[in-house]
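Input: a single structure, listed below in structure tokens.
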């Protein structure tokens, strides 16, 4: 059968609409689930209101930020508006805004369902593990469908309307801007609340987790949604758009050279099939008789992966698409799975690292930290090798069997392949905060020990799966940004040609070129500094919130004693977390963006190429190290709490809590935000390449 | 005046001999200082014997290791012995052994004087701060002179005898092998002893530091010498040789192309002047009336730097050497100083980071760790920018004003410039463990409170200066390895020409080449894994020693009570530290070497180039982060002990101790060993380049 780009674009739109339909159906399904407990509804409403407070405040700031950036884009990109065609600048600015708005809407939808599904999952827990799991999972899947459907639809629409790949990068940059706020801001919010609630509640006053007397308890529950649900969703929206944008930019470049549109068409075909597989996966998701939620979540992922592999092979055969590209995308998906398994090994409480760290907890807190850091550092190796192999394999297959110039396109298709099951990944991920919240609601609503046990087991599955999905999303971001490096070269060459600098102005980045090396070494220093700024932000913000909690316990009469009718001022804590998050994230984000521009002005496009490369490499290392160390400490604490190495209340447990507190901003603030940071830097670099071509100090 | 390579080589030999003379004179001077206290002499002898135990055991293992490597070199390098000229293989193997032997001798001399000078400094403390300082400083300077004299003499001799730059790389590799054992093994030894002694002594039994009842106290004192004195000396011997080897390899290449020998001559000229400046610096070292040892140490460094700058300018003028190269070497030295100052900022107890971490100590141990890690991560940025600027500046000046091909030579001369004052750096560094030991001897010999106060202040100066010298040595290693990347290309091209692959086979490493990227990403993962392995080694080894200390306190009657005549079995602890150090370091070292070979066999020379680059970049980040975090925590603890944030015995102090315990293996085991790891990897890569040229899977 012969193929046609238009056909695959229309098909993509159809699948995206199908995804929205699925999301709508799931939304209604979750809404229909019974809920009657008044106390649960009350607390549920507090969480919902808190989440809305954060979203409103964040989106207001974002609106200002995005408007400023849009104006800058309008004036300067793709070239100064007074020099080129002003329409191009308008398209660019609009694409940027559209990217931010699409990702924002997906976030709002996801948060909205999450704050409904938590209540439903809590009450369902009184009826059994299966209905509770289904409420949590289908709630998460709404987010998954909205994000992937939205990103695919956005990409298709922008390309069909503008027929301009640079506009696609603009759209991607819009999504990145939002992700930076949602992920880093959400990460600061959630850990501020979590740490403060624990430090005052569990440690100082020795009241249980999720105790309604704690003024920070609602903020803590809101934080789960804000960080893991909205943040992770925006992060993967961003990666997904970026991987498609990079693949389409390079595919379209190849199509221009070789004629036809097979490469661009393949991107849409595979992306649409990925989404379709996720839709099928969501519907087949079910809990077996054994009631093991971890297995249920993982099974979905494997089923979706298999469906994707089979359907893409079939499509490649039927539509006569290039097989090497199919191989490239499959290599990406397989490496993603391997990386997920490696992350699981280093964080799973049935494996050696957790047991070793638990043993260290018996010796002393310093050993808890040292062993956790050490295993976290070791966990970097398998993932890095996996990414390296995926990049090498997909490049070699594409370059050798399709011809010169196809290698980078192969890498971008490996990223697309790795991200193909992203709908499933987000569903699994958003499930986590929903059942975590449900556990809190069961506790606060006094729904009984059986329900608490059920939500505990659902929550623990969420934590285990989270490590895998995080490893996966980091690797995907890594491959995507490598592909963006290719897109950067394309962008520079198009601009260079227009500026009369000749064809193929830029062929690569040689590290023995001192400009490249300079960029490389400075770019590599950015992720550690960025993560340090975020962690110090959490630190400062938590100090503020602790002060507020102390004030409330001191000033509100009867609060500490739990006198009936006395409630803390939950909203004060939510405000502090919200305002602090935004205040602390802006300098870190600006630092990364300004460093990119500065390096560009000093060393030109060569230095920027080195900068992106260094940024990817050290970004991957720190993202993996921090996420895995954090997950490892978290599960070690839980492993000890389950009765090992002295159990709850022992010295080992106390040290385990210290490890977990260190790990919290590692795994939920700094680590996963680095993803977004590297994407933002790459896109800023690609979009501003023309400027550095025209002017730089040494370039 | 016209120049002549032979003249500068002879001059280098003369200066090296002058350095040995200085070392001898200083040795005698220290030996002549009065000492009479029996108890001090007794303990001093225990330390000396302990140090000898370690050295003997280590050198025995090293002898076996180096013999094996030498046999491999004999068989395979520079090419298989059955194919090329066997004489070349013999020269290579002998150069390798010579490098190890020279560095080993310097280590023995340094350790020997250190275990004399500690006794002298302790007793001199009863007479005042100045004589105590001079004993410590001049003892350290013996090591400085021996190391730099030995490295310069070795390089000149090997080059004069063989007239072969590859043999020089062999000599450098020998020095690196020794450094790997001395630095990483010494690092494991010292922290095993330190942590175990503190945990059982200070924490469990609450007996003071350096209490003679503690079975690990002698091992702890030996460890200071083994890690900071012998280890640091071997590390800088290695960097110094590697920087000269890289510069000479590239200089000789340029001389072959352009005729004459001005480039090679310049290397020797500047290196000799560097050593000469250090000799002058050692003699002018003195303590002012204010008795501020930190200022005295820093003043020496500044004086030496100034002398070097003036003398090299003079020499450049008189001998008509190329000015751009003078600029390159001066940029290197200046950037080294800036990096030292930045390290100082992040670790000095008069600056903001220490105060902020001390405040975090009041909140809880998790905050101590989080803030220390955050500032450590931030400290990476100025140093990385400094290295980037040094590399870019020296390259641009050399390339623009001397012509194509001179850029990399410029970078190598920046490294030579940065390392020019290495004699002074080592002297300052070796001073540290001597006065640290002296403090212990004063305590154990009951020499009175005034002497304790004096040695305390000398010790504290040693710690402050250590942060600066560490930053300096890490930066120097970084620049050196960048230069080695240039040497690697030269080596490959020479081999490629011989193999008929044409001229200029390799021109650089393009990161968009998937082989380079694969190497880059895997190479970047090695330093974190290497440091994790060393830290886990310390952890395991400390557990063993703690068990032994517990056994002694249980089985030796009267030990805990301090009954007269009852002494612990110090040697048992020394044995455990020694054997454990060697056992734990070998897997880490092998991992790094095997990874290099594996990447080479998979991806050929392109992948190896990427591998080295990734290794440098992430190696620098982790070395800086770990050294600075560790120094920061150490000084925070001391700052609190000085009466701030609650002072000794407060909760903040307890948390400060936890931070310091985490920081110990960071700053004294893992961090500084990474230096050596990156040098070893680069040299292994350069030496085996021919093999990968002949065979690789994808290359």
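Hey, how much of the P(r) for the stretch A:520-566 falls beyond 17 Å, as a percent of Cα pairs?
Counting every Cα pair in the stretch A:520-566, those more than 17 Å apart make up 57 percent.
From the gyration tensor of the Cα coordinates in the stretch A:475-578, what semi-axes in whole Å does the equivalent ellipsoid have, largest first, with each one equal to sqrt(5λ)?
Each semi-axis is the square root of five times an eigenvalue, giving 55, 16, 11 Å.
Roughly how many Å is it from the Cα centre of the stretch A:236-310 to that of the stretch B:207-230, as a whole number?
Answer, in whole Å: 59.
Rg and Dmax of the stretch A:72-111, Cα atoms, in Å?
For the stretch A:72-111, the Cα radius of gyration and maximum Cα-Cα distance read 13.2, 43 Å.
Kirkwood-based Rg over Rh for the stretch B:146-214 (C-alpha set), two decimals?
We get a ratio of 1.35 for the stretch B:146-214.
Compute the distribution of all C-alpha to C-alpha distances in the stretch B:411-569, in bins of 10 Å from 0, and list the percent of pairs in each, rounded to whole numbers.
P(r) for the stretch B:411-569, in whole percents per bin: 9, 16, 24, 21, 14, 9, 5, 1.
Between residue A:306 and residue A:453, what length comes free when the chain is fully extended (0.36 nm per residue of separation minus the Cα-Cα distance, one decimal in nm)?
My answer for the length gained is 49.6 nm.
Could you state the number of Å between the C-alpha centres of the stretch A:428-490 and the stretch B:549-584?
After rounding, the separation between the Cα centres reads 49 Å.
In nm, to one decimal, how far is the modelled label at residue A:654 from the one at residue B:313, with both set 7 Å along Cα→Cβ?
For residue A:654 paired with residue B:313, the spin-label model returns 6.1 nm.
When each copy gets a label point 7 Å from Cα toward the beta-carbon at residue A:207, what are the spacings between them in nm, shortest first?
Those separations, rounded to one decimal, come out as 4.7 nm.
Counting partner chain Cβ atoms within 10 Å of every residue's Cβ in B:652-660, what's the average?
Per residue, the number of nearby Cβ atoms from other chains is 2 on average.
Against the globular-protein guess of 2.2 N^0.38 Å, express the Cα radius of gyration of the stretch B:13-148 as a ratio, rounded to two decimals.
1.40
How shielded is A:620-627 by partner chains, expressed as the average number of their Cβ atoms within 10 Å of its Cβ atoms?
Per residue, the average neighbour count from other chains is 3.
If you line up the long axis of helix B:449-498 against the longest principal axis of chain B, both from Cα atoms, how many degrees apart are they, to the nearest 10?
For B:449-498 against chain B, the angle is about 20 degrees.
Between residue A:540 and residue A:446, what is the spin-label point distance in nm, taking each point 7 Å from the Cα along the Cα→C-beta axis?
Distance between the two pseudo-spin positions: 4.3 nm.
From the convex hull of the Cα coordinates of the stretch A:227-326, what is the mean projected area in square nanometres?
Value for the stretch A:227-326: 7.8 nm².
Hey, got the average number of other protein chain Cβ atoms within 10 angstrom for residues in A:393-402?
2
Ranked highest first by the average count of other Cβ atoms within 10 Å around their residues, in what order do A:524-537, A:476-489, A:448-461, A:135-148 fall?
Highest-to-lowest ranking by the protection proxy: A:135-148, A:476-489, A:524-537, A:448-461.
For residue B:564 and residue B:68, what is the calculated FRET efficiency with R₀ set at 41 Å and r taken between the beta-carbons, to the nearest 0.05?
0.25
I'd like to compare A:118-131, A:268-281, A:192-205, B:637-650: which one has the highest average count of other Cβ atoms within 10 Å, and what's the full order after that?
The peptides rank, most packed first, as A:268-281, A:118-131, A:192-205, B:637-650.
At a Förster radius of 41 Å, what calculated FRET efficiency corresponds to the Cβ-Cβ distance of residue B:550 and residue A:209, to the nearest 0.05?
After rounding to 0.05, the efficiency reads 0.65.
How much FRET efficiency would the formula 1/(1 + (r/R0)^6) give for residue B:352 and residue A:56, where r is the Cβ-Cβ distance and R0 is 25 Å, rounded to 0.05?
It comes to 0.10.
Nearest 500 deg cm²/dmol is fine: what mean residue ellipticity at 222 nm does chain A get from its DSSP H runs of n ≥ 4 alone, each adding -39,500 (n - 2.57), divided by its residue count?
Rounded to the nearest 500, the figure is -29000 deg cm²/dmol.
Placing the label point 7 Å from Cα along the Cα-to-Cβ direction, what are the distances from residue B:295 to the equivalent spots in the other copies, shortest first, in nm to one decimal?
Once sorted, the set of distances for residue B:295 reads 7.4 nm.
Placing a label point 7 Å from Cα toward Cβ, how far apart in nm is residue A:694 from its equivalents in the other copies, listed shortest first to one decimal?
When each copy's label point is compared with this one, the spacings are 5.6 nm.
Please give the helix A:570-641 orientation as an angle from the longest Cα principal axis of chain A, in degrees from 0 to 90, rounded to the nearest 10.
20 degrees
More than 36 Å apart: what percent of Cα pairs in the stretch B:5-694 qualify?
Of all Cα-Cα pairs in the stretch B:5-694, 35 percent lie more than 36 Å apart.
For chain A, what's the relative contact order in percent, using C-alpha pairs closer than 8 Å and at least 6 residues apart?
Once divided by the residue count of chain A, the mean separation gives 21 percent.
Compute the helix-to-body angle for A:422-444: its Cα long axis versus the longest principal axis of chain A, expressed 0 to 90° and rounded to tens.
Between the helix axis and the principal axis of chain A, the angle is about 20 degrees.
Considering the Cα positions of the stretch B:541-699, please state its Rg to one decimal place and its Dmax as a whole number of Å.
Expressed in Å, the Cα Rg and Dmax of the stretch B:541-699 come to 22.5, 70.
Sorted by packing (mean other beta-carbon atoms within 10 Å per residue), highest first, where do A:98-105, B:88-95, B:73-80 land?
A:98-105, B:88-95, B:73-80
Once both labels are modelled 7 Å past Cα along the beta-carbon direction, what's the residue B:127-residue B:498 spacing in nm?
5.9 nm
Rounded to the nearest whole Å³, what is the per residue volume of the convex hull around the Cα atoms of the protein assembly as shown?
Output value, Cα hull per residue: 164 Å³.
Where in the stretch A:139-172 does the label zone of residue A:14 land, with the point 7 angstrom along Cα→C-beta and an amide N cut-off under 13 Å?
Of the residues in the stretch A:139-172, none has backbone N under 13 Å from the label point off residue A:14.
Each reported figure results from applying straightforward, stated rules to the coordinates on display, with no laboratory input. Being a predicted model, the structure only gives us computed values, none of them experimental. Don't worry about glycine lacking a Cβ; one is built from the backbone with ideal geometry, like all the others, and counts go over all protein chains shown.
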